[in-house]
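The values are calculated or read from the model by the stated rules, or taken from the named source; none is laboratory data. The structure displayed is predicted, hence computed values, not measured ones. Backbone-built Cβ (ideal geometry, glycine too); neighbour counts: all protein chains shown. The accessibility values were calculated without ligands, DNA or RNA, using every heavy atom of the protein model including side chains. Shrake-Rupley method; radii C 1.70, N 1.55, O 1.52, S 1.80 Å.
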Amino acid sequence: MGSVMIHGIRRMCATGLALVCIATLAACSDADDSRQSNVSGIVKIGLLAPLTGGDSDGGRDAQRGAELASRFINAGKKWPGYQPGQIWGPSGQARLSIVTLDTKNDRQHAADEAARMAADRDVAGIVGALDADATLDASQRAERLRMPFVSGDAPLTALTERGLDWFFRAGPDATDYGGSVLSRFRNIQQQGQGARRVAVLYSNDAAGDDLRSTVSEFSEEAGNPIVASAPYEPAGTDLSTAVAAIRTAAPDVVLTTASSGTGQKVGEAFRAGGYLPPEVVVYGAPVEAARLTSIPGFEDRVSRLVPWSLAIARANPLAAATIERYQQDFGTPMTTDAAMAFTTVTILARAITDADSTDREHVRSALVALDLPGNATIMPWNGVRFDGTHQNVLAATLIEQNVGRTFTTIYPRDLAAAERWPAPGPSGTTVDPASQSPPLAAATAMASGTARG
């Protein structure tokens, strides 16, 4: 998988080609300018994002990424070897506008806002909504209202197992994440280090149960025993029972789900229990892995599963140009949430171009038929092609490890920059629970310095 993944990075060998690809995003069309388009005026794409409540930082980043995509699309500049299409840009008749509604990180509110989007007949489709539960309910509502919905952020397996006609997932799902972890373990075994003993610390919600069941299935197949499986309440404060179960099992690796605010909490719980696992692999919000590394003793022990990496993306001229423009426009590094929103907006815009229509049925049909190469996106994927369940089969997963307070790619192996395995204290380290960790505000500031993803 690693050898073919990110072929878009390696096959883009000239800046001129990168500019062509940028223009492809900007105009989302290769069509002959002589033909009059059926699309004109203001075309709206709706974004569902948590602008208040939990993970408002992620929602803000998603809003910025979506807005940047619309700026690229509306620019429609003439790059060498490329002519703008007849829909977008100065030579076209339409301009893309992003309409953002706040999910408040609440599943019912997300569903209600999806209904509001669907009531606006000018909205051609929806992207978002980051949180798995919010995406689950919002996409179900969109299905009933026959509204195209493209998610990039929620890997929950159930999202594409419902047989929905109008829902599409652009990013990797839990199966891809789980398979990547086990592939990494196989790589370690090939280096003569033996099978990894795995413990799962999972949130007692849909995302947590998804991780537990997926990892259990893959671990059994790969011969990596699950030595403990402990749930915790994501909104709770007492993780002592779960941490004790993990410590007793003495695993080599702890896989844990991390939603908004849980990275700090998990780290503090392990310290309070007087124990540091050899390694923690975080499945969920990338920023929570960064926050976990700010807890004393967790330096170089934390890895995270991501669909996008700032360091790897810079090797792709198309992505590098997007990252530079994002920094220029918003004064901050691009994050995973921003990159995913950028990507889902461009996917919907391309579907509108292919359909030459904003009619929702036509846009949905264009999404079904979509087949984009990897070099037409800023993501480290092989491209975008939806299967019968509307899962993008060309999406892929990276694994990053915290090395010296910087997250560095360690999987796939051919993209690995560095890896420290085993981490310090391979059998688990006993710590003094009385030793103080930094307060939450300080830890959050330290985490933001390592970037959200």
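From the list Ile312, Ile347, Ile295, the lone residue that is within 21 Å of Asn402 (Cα to Cα), in contact (Cβ under 8 Å) with a residue 60 or more places away in the chain, in contact with a Gly (Cβ under 9 Å, 6 or more places away or on another chain) and of a type in the set (Val, Ile, Thr) is Ile295. Checking each residue of the stretch 20-32 against the condition of being buried (at least 24 other Cβ atoms within 10 Å of the Cβ) and either touching a strand residue (DSSP E or B) at 6+ places or on another chain (Cβ under 7 Å) or modelled with pLDDT of 90 or more (or both) gives no match. Here Thr332, Thr408 are screened, and the one residue that is outside any helix (DSSP H, G or I), β-branched (Val, Ile, Thr), touching a Lys or Arg at 6+ places or on another chain (Cβ under 9 Å) and surrounded by fewer than 21 Cβ atoms within 10 Å (Cβ to Cβ) is Thr332.
If the requirement is being crowded, with 20+ Cβ neighbours inside 10 Å, assigned to a strand (DSSP E or B), under 18 Å from the mean Cα position of the chain (by Cα) and on the phi < 0 side of the Ramachandran plot, which of these qualifies: Val345, Val384? Of Val345, Val384, the one residue that is crowded, with 20+ Cβ neighbours inside 10 Å, assigned to a strand (DSSP E or B), under 18 Å from the mean Cα position of the chain (by Cα) and on the phi < 0 side of the Ramachandran plot is Val384. Condition check for Ala195 on (1) part of a loop (DSSP other than H, G, I, E, B); (2) touching a Leu at 6+ places or on another chain (Cβ under 7 Å): one failure, at (2). Would you please name the residue that is nearest to Thr377 (Cα to Cα), looking only at residues in the stretch 156-186 that are in contact with a helix residue (DSSP H, G or I) (Cβ under 8 Å, 6 or more places away or on another chain) and open to solvent by 30 Å² or more (accessible area, probe 1.4 Å)? Among those that are in contact with a helix residue (DSSP H, G or I) (Cβ under 8 Å, 6 or more places away or on another chain) and open to solvent by 30 Å² or more (accessible area, probe 1.4 Å), it is Thr175. Here Phe149 meets each of (1) open to solvent by less than 20 Å² (accessible area, probe 1.4 Å); (2) touching a residue at least 40 places away in the same chain (Cβ under 8 Å) with one exception, condition (2). Tell me, please, whether a residue that is in a loop (DSSP other than H, G, I, E, B), small (Gly, Ala, Ser) and surrounded by fewer than 20 Cβ atoms within 10 Å (Cβ to Cβ) can be found in the stretch 101-120. No: the stretch 101-120 contains no residue that is in a loop (DSSP other than H, G, I, E, B), small (Gly, Ala, Ser) and surrounded by fewer than 20 Cβ atoms within 10 Å (Cβ to Cβ).
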